[in-house]
Amino acid sequence: MFKFIGFAFGLLFLIGLSDSTALAQETAQSMLAVQIRSQGYTCDKALGAVRDAKRSKPDYEVWVLRCSNATYRVGRWPDMAAKVEVIR
């Protein structure tokens, strides 16, 4: 009985983690799309965002934002405008 309860809680925990990861990913893609739009770039529909760990540094995150009309590399410093590059 106790093994089943432990298994059930473990399964619920893992499901919660996968949902929170998906939510964080969706939040990042929405936030990045809003930021580049405010800087004059077009992002008709944000399709995905992936953090570029190789280019990111402490206090500087780099993301690849895929939109329906273009793909952008977005570098972000805290409290500053983003550096946006169009990727072909």
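Data for the structure
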| item | result |
| --- | --- |
| Efficiency of FRET between residue 85 and residue 38 - r from beta-carbon atoms, R0 25 angstrom, step 0.05 | 0.90 |
| Gyration tensor (alpha-carbon) shape descriptor, segment 40-88, a/c threshold 1.5 | prolate |
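Here, each number is a calculation from the coordinates, and none is a lab measurement. All of these numbers come straight from a predicted model, not from anything done at the bench. As a convention, Cβ positions derive from the backbone with ideal geometry for all residues, glycine included, and neighbour counts pool all protein chains shown.
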